[in-house]
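Undergrad: After the structure tokens below, expect a handful of questions from me.
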Amino acid sequence: HKVKFSWDGTWLVTVSYDSLAKLWKLSSGDCVHVLRGHTNDINSVSFSPDSELLITSSDDHTARLWDVSHGDCLEVLMGHSAVVNSAMFSWDGRLILTSSFDGDARIWSAFNGQCYRTLSCGGNGSMPLEFAVFSPDAQSVVTVARDGLVQSWDAVAGKLTQTLVDEGHLVNCASYSPDGAFVLAAFLDCAARVWSLHKGERIHILHGHRNLIRCASFSPDSAYVCTGAFDGVAKMWSVLRGECLRTFAGHDALVNSVAFSEDCTQVLTSSTDSTARVWNVSDGQCHVLLKGHSAALHSAVFSAG
């Protein structure tokens with residue numbers, strides 16, 4: 001249910017509902033390592049920027065740090081008291097950020113697995129966190145709680161700096177723009193919001209989908225946002241103007257993931273209709289239809305480069 005390319009284009013990692021992650025060598029297509037150690041479902045997986053390490057998070061209340069070349073578990077990150085639903089590296093690879101249903105986000109050293117900062121940010125009554133993300137410079141963290149509370153934190157001092165949303169709407173996903181200037185959150189009210197961190201305020205509400213938004217992503221140049229929804233449609237928006245620029249229509253079921261190509265000329269979508277599609281940004285047309293799976297596709301990504 002999760003798949004990621006390594007940043008150097010050498011590896012592919014897949015995660016299934018069997019508590020295992022598998023590392024595949026792209027040059028040969030062979031499964032080189034089976035990563036065993038988690039005792040429950042794995043919820044997220046990410047490569048370090050240098051593609052030498054891998055971080056996984058699990059329902060077993062832990063995250064695990066792995067050596068990619070040898071498939072060894074280097075560290076078990078213990079401290080959360082509930083499901084760990086997300087884990088990611090900072091862009092320089094020095095830090096790891098986890099979020100948990102225990103209402104905490106934790107920042108760990110990627111060198112020795114030690115936790116040096118805990119952000120207790122789950123809202124009233126320690127509301128479970130759905131996910132947490134680093135800013136590109138790793139100086140800030142955005143956390144999203146199940147009750148829709150979206151907060152920005154100083155990652156160094158561990159202090160709350162801004163409450164971006166406290167409207168009571170459930171949040172399905174959130175992310176920083178690659179340039180660190182904006183935050184995007186998709187809500188279960190069929191709309192997404194964009195905030196300017198420089199202004200400290202919301203600048204757009206993106207209306208247009210006829211059903212709940214399932215996924216959302218910034219373009220690599222931070223100029224655009226793509227959203228995918230239960231209405232089977234993906235939409236591309238201008239970050240600065242908040243306008244819908246393209247509607248990618250063709251899937252027969254909900255869109256589970258959206259991703260821009262590195263040069264921002266294409267959008268890749270995956271769907272419960274068992275297909276993935278590649279769309280031209282220039283005209284909004286599907287030019288590649290990827291068929292062959294016999295069940296829902298939960299994710300699809302472009303390789304690096």
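The values are calculated or read from the model by the stated rules, or taken from the named source; none is laboratory data. Since this is a predicted model, take the numbers as computed values, not measurements. Counting neighbours? That spans all protein chains shown, and the Cβs are built from the backbone with ideal geometry, glycine included. Note: accessible area is taken over every heavy atom of the protein model, side chains too, but ligands, DNA and RNA are not part of it. Shrake-Rupley method; radii C 1.70, N 1.55, O 1.52, S 1.80 Å.
Undergrad: Mind checking which residues of the range 64-78 are assigned to a loop (DSSP other than H, G, I, E, B), open to solvent by 40 Å² or more (accessible area, probe 1.4 Å) and touching a residue at least 24 places away in the same chain (Cβ under 8 Å)? Walk me through how you get there before you give the answer.
TA: First, the residues of the range 64-78 that are assigned to a loop (DSSP other than H, G, I, E, B): 68-72, 78.
Now drop any that are not open to solvent by 40 Å² or more (accessible area, probe 1.4 Å), which leaves 69-70, 72, 78.
The answer is HIS70, and nothing else.
Undergrad: Would you please list the contacts, defined by Cβ atoms under 9 Å and residues six or more apart or on different chains, that run from a residue in the range 273-298 that is within 18 Å of ARG214 (Cβ to Cβ) and without any contact (Cβ under 8 Å) to a residue 24 or more places away in the chain to a residue that is open to solvent by 40 Å² or more (accessible area, probe 1.4 Å) and of a type in the set (Phe, Trp, Tyr)?
TA: No pair meets every condition.
Undergrad: Please work out if VAL258 is modelled with pLDDT of 95 or more, within 16 Å of the chain's Cα centre (by Cα) and crowded, with 17+ Cβ neighbours inside 10 Å. Reasoning before the result, please.
TA: Working: modelled with pLDDT of 95 or more: yes; within 16 Å of the chain's Cα centre (by Cα): yes; crowded, with 17+ Cβ neighbours inside 10 Å: yes.
Answer is yes for this residue.
Undergrad: Got a number for residues in the range 1-41 being within 16 Å of SER303 (Cα to Cα) and not in a strand (DSSP E or B)?
TA: Pass one, the range 1-41, residues within 16 Å of SER303 (Cα to Cα): 2-14, 23-29.
Pick out the ones that are also not in a strand (DSSP E or B) and you get 6-10, 26-29.
Counting residues in the range 1-41 that are within 16 Å of SER303 (Cα to Cα) and not in a strand (DSSP E or B) gives 9.
Undergrad: Please verify whether HIS61 is part of a loop (DSSP other than H, G, I, E, B) and open to solvent by 40 Å² or more (accessible area, probe 1.4 Å), treating the condition exactly as stated. Give the derivation first.
TA: Details: part of a loop (DSSP other than H, G, I, E, B): yes; open to solvent by 40 Å² or more (accessible area, probe 1.4 Å): yes.
Judged against the criteria, HIS61 is a match.
Undergrad: Does any residue of the range 158-173 turn out to be open to solvent by 50 Å² or more (accessible area, probe 1.4 Å) and of a type in the set (Val, Ile, Thr)?
TA: Taking every residue of the range 158-173 in turn, at least one turns out to be open to solvent by 50 Å² or more (accessible area, probe 1.4 Å) and of a type in the set (Val, Ile, Thr).
Results for (1) in a strand (DSSP E or B); (2) of a type in the set (Gly, Ala, Ser), shown as yes or no for each residue.
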site	(1), (2)
ALA234	yes, yes
ARG246	yes, no
ASN256	yes, no
ASP283	no, no
HIS287	yes, no
GLY292	no, yes
SER299	no, yes
PHE302	no, no
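Undergrad: Can you find a residue in the range 42-55 that is open to solvent by less than 50 Å² (accessible area, probe 1.4 Å), under 19 Å from ALA300 (Cα atoms), among the aromatic types (Phe, Trp, Tyr) and in a strand (DSSP E or B)?
TA: yes
Undergrad: Okay, moving on. Do you know which residues across the range 25-41 are buried (at least 16 other Cβ atoms within 10 Å of the Cβ) and on the phi > 0 side of the Ramachandran plot?
TA: GLY37, the sole residue that qualifies.
Undergrad: Among the candidates SER274, SER270, which residue alone is farther than 23 Å from ILE205 by Cα, open to solvent by less than 30 Å² (accessible area, probe 1.4 Å) and part of a strand (DSSP E or B)? Steps first, please.
TA: On the way: SER274 fails: part of a strand (DSSP E or B).
SER270 is the lone residue from the list that is farther than 23 Å from ILE205 by Cα, open to solvent by less than 30 Å² (accessible area, probe 1.4 Å) and part of a strand (DSSP E or B).
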